Amino acid sequence: MSKASAVKIVPQKHIDEGTSFASTLKALEDPIPSLPAKPITISIVGAGQRGCGYAFYAKMNPQLAKVVAVAEPRESRRKKMQETYNIPDENVFSDWKELAKRPKISDAIVIATLDHLHMEPAIAFADLKYHILLEKPMSVNLDECKKITDAAIRNKIVFLVGHVLRYTPHNRLIKRIIDSGLLGNIINIQHLEPVGNWHFAHSYVRGNWRKEQDSCFSLMTKCCHDIDLMLHWNDSPCVKISSFGNLSHFNSRNKPTGAGDAKRCLDCAYEPSCAYSAKKIYIKSFENGNTHWPVSVVTDVFDIEHLAEALKTGPYGRCVYECDNDVADHQVVNMEFASGATATVTMVAFTESICERKTRIFGSLGEIECDGMNTISYYNFLTKKKEILNAKNITGGTDLGGHGGGDIGLMEAFLYAISSKDESNKFNVSGAEETFDSHLYVFAAEHSRRIGQVVNIEDFKHNTDKTENDI
C-alpha cells in the first residue's frame, strides 16, 4: 500500500554564506487552507482523555468546528461531554452502534475508543461516508489495519490517523528542512523517545496499556508515533528492520526487600523510599493542585477521599512490582531504507523527561540536532555556519495543547482537509496508506524482537498470515 514505492533523492540545495537559514526556510510557505463557510460538525466516539482533547478544539474554535453528538459507555464522561458542548439528548449514546444506526448526523467522526476497539467503528462510519479522525494506533493487529485502510480508500473520505507528531510546529520544520534540500540526502537518523519513569509506571505498568492481551505491545502503543516519523522524514520505504528489548525492571524479581508482601502503595512500609509510589504520583500531585492527567485517569471525583479510595481498590494504587504487566520497558529499533539511509529509534522508560524526544539527523550537506520540542540546531557543512531555528517563527502554529501543539495541528489539518477537499493531501499527512506502512514497520520490528532476526519488510508483508500469530 506504500506510496513511497521508489527511492526519492532530494535535490541538494546550496546556500550563500551570508544567507540566513531561517529566512530561506520561512520563504517556503505552507499551503493556504480553504476555511469552512460554516462550522464542520463532529461526533465523538469515546469521551476519554483523547476524545475530550480533540473535542476541546471546537470549544477553542467554534467558527471551525462544532461537537454535535457523543457515544461513550461511561455515564459520567458521557454526561460531562453533553453538558460541555450542549449536545441534545437525542444525540447522546452509550454505544457507538446506536449512533451508526441513525441517519448521518455530522460531517465527521472522531474515534477515540480503546486501541483494540478501533476496527468496527472505523469501518462502519467509513461506509456511512463520515470523514474520520482515528486515534492512533490504527489497530492492534495488521489484518485489522488492512481492513480499515481498505474501507477508507473505497469510500473516498478524508481519513486521518492521530499521528500528532507529524503536525507539531517543531516536526513540520524538520520536514521542511529535509524537503528544502539544505541537508542534502538523508544518511542517518538517531531518535530517542524518553517515556518518563513515572509516566511509564502510570500507563504501561498500572494502566490501560500494561498488558499486551488487553491492548498491544509497547512499541505500538507508545512508539508508533516515532517509527512513523522515520517514514515521514525519509520519504523512502523501509526495507529491513531489527529490534531488541524486554521487560527489565517492573517485575517481582526487582521488588525491594523492604516492601515485603505489600501489594499496594498505601499499605507498604517501603513506600516513602519508592520512586514509583502511587502516593507521590497521584496524591502529592493532587495536593499540589493538579486535577488533570494523570489524576483525572484515576478518579472522576476530585477530592482526597475519592482519590485515596481509588488507590486502595483500583489498578493505579498497585505496587509496580506486583502488577500483571508484560510489555517491554525499553526497546531499540534499527531501520534500513531503500535510499540507503539508516535510522535508530530508542524507547526507554527510565528517564527524567517525559516524551521530550531528542533527534539528530545527518545529511550529506549538513546536520540538525533537536532538543525536545524546543529548538533545532542546523549546521551547514559548506558555510561552516550553525544557526538555532525557532519552529513557531518559521512555520507558524502553536506549541500549546497536547504533544507540543500536535493535537491542535492535527485537528486543524483534519478540518482544512475536509473544507478544502484535500485530494492532493496538502493538509492530511497521516492518511490511511501512510499509516498502514508505518504500522507495518512497527509490527515487523516487534516480530524481529521476538524471533531475534533481521526482518525483510517485503517478505514480512507477503507472509503476514503466517506471522500474524507471532505479533
Within segment 218-249, which residues are of a type in the set (Asp, Glu) and in contact with a strand residue (DSSP E or B) (Cβ under 7 Å, 6 or more places away or on another chain)? Asp226
Has segment 182-201 got at least one residue that is buried (at least 18 other Cβ atoms within 10 Å of the Cβ) and either under 21 Å from Gly431 (Cβ atoms) or without any contact (Cβ under 8 Å) to a residue 40 or more places away in the chain (or both)? no
Contact list please: Cβ distance under 7 Å, first residue in segment 430-458 and outside any helix (DSSP H, G or I), second residue polar (S, T, N, Q) and surrounded by 21 or more Cβ atoms within 10 Å (Cβ to Cβ), pairs at least six apart or on different chains. Val454/Ser448; Val455/Ser448
Examine segment 147-155 for a residue that is among the acidic types (Asp, Glu), at pLDDT 95 or above and not in a helix (DSSP H, G or I), and state whether such a residue exists. no
Here are the criteria: (1) at negative phi; (2) at pLDDT below 90; (3) open to solvent by less than 20 Å² (accessible area, probe 1.4 Å). Tell me which single one Leu410 does not satisfy. (2)
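Are there any strands (runs of 3 or more DSSP E) wholly within segment 24-129 with 3 or more residues that are at pLDDT 95 or above and farther than 29 Å from Lys222 by Cβ, and if so which?
Numbers: elements: 40-45, 65-71, 108-111.
Hits in segment 24-129: 65-71.
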I'd like to know if segment 188-205 contains one or more residues that are at pLDDT 95 or above, over 30 Å from Ala310 (Cα atoms) and touching a Phe, Trp or Tyr at 6+ places or on another chain (Cβ under 7 Å). yes
Tell me which residues, restricted to segment 359-388, are modelled with pLDDT under 95, open to solvent by 90 Å² or more (accessible area, probe 1.4 Å) and over 21 Å from Asp407 (Cβ atoms). Leu382, Lys384, Lys386, Ile388
Test for Pro137: is it more than 28 Å from Cys216 (Cα to Cα) and part of a loop (DSSP other than H, G, I, E, B): no
Flag if Val10 is modelled with pLDDT under 95, open to solvent by less than 40 Å² (accessible area, probe 1.4 Å) and outside any helix (DSSP H, G or I): yes
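Within segment 133-169, work out how many residues are among the aliphatic types (A, V, I, L, M), in contact with a strand residue (DSSP E or B) (Cβ under 9 Å, 6 or more places away or on another chain) and over 30 Å from Asn374 (Cβ atoms).
First, the residues of segment 133-169 that are among the aliphatic types (A, V, I, L, M): 133-134, 138, 140, 142, 148, 151-153, 157-158, 160-161, 164-165.
Remaining after also requiring in contact with a strand residue (DSSP E or B) (Cβ under 9 Å, 6 or more places away or on another chain): 133-134, 138, 148, 151-153, 157-158, 160-161.
Cutting the leftovers down to over 30 Å from Asn374 (Cβ atoms) gives us 148, 151-153, 157-158.
The total comes to 6.
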Which of the residues spanning segment 202-224 are under 19 Å from Thr359 (Cα atoms) and open to solvent by 10 Å² or more (accessible area, probe 1.4 Å)? Lys222
Which number in (1) touching an Asp or Glu at 6+ places or on another chain (Cβ under 8 Å); (2) among the aliphatic types (A, V, I, L, M); (3) assigned to a strand (DSSP E or B); (4) farther than 25 Å from His249 by Cα marks the one condition that Met373 misses? (3)
In segment 226-237, residues that are open to solvent by 10 Å² or more (accessible area, probe 1.4 Å) and on the phi < 0 side of the Ramachandran plot total 4
So Gly245 clears everything in (1) small (Gly, Ala, Ser); (2) at positive phi; (3) surrounded by fewer than 17 Cβ atoms within 10 Å (Cβ to Cβ) except one condition, right? Which one? (3)
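Only one of these is modelled with pLDDT of 95 or more, surrounded by 12 or more Cβ atoms within 10 Å (Cβ to Cβ) and touching a strand residue (DSSP E or B) at 6+ places or on another chain (Cβ under 7 Å): Lys279, Lys263. Name it. Give the steps one after another, and end with the answer.
Details: Lys279 fails: touching a strand residue (DSSP E or B) at 6+ places or on another chain (Cβ under 7 Å).
Result: Lys263 is the single residue among Lys279, Lys263 that is modelled with pLDDT of 95 or more, surrounded by 12 or more Cβ atoms within 10 Å (Cβ to Cβ) and touching a strand residue (DSSP E or B) at 6+ places or on another chain (Cβ under 7 Å).
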Name the pairs whose Cβ atoms lie under 6 Å apart, with the first residue in segment 336-357 and closer than 20 Å to Phe244 by Cβ, the second part of a loop (DSSP other than H, G, I, E, B), and 6 or more positions between them or separate chains? Phe337/Ser236; Ala349/Val195; Ala349/Asp329; Thr351/Gly196
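The values are calculated or read from the model by the stated rules, or taken from the named source; none is laboratory data. Small disclaimer: the values here were computed from a predicted structure and weren't measured. In this analysis, Cβ positions are derived from the backbone assuming ideal geometry, glycine residues included, and neighbour counts consider all displayed protein chains. Surface areas here come from the heavy atoms of the whole protein model, side chains and all, with no ligands, DNA or RNA. Shrake-Rupley method; radii C 1.70, N 1.55, O 1.52, S 1.80 Å.
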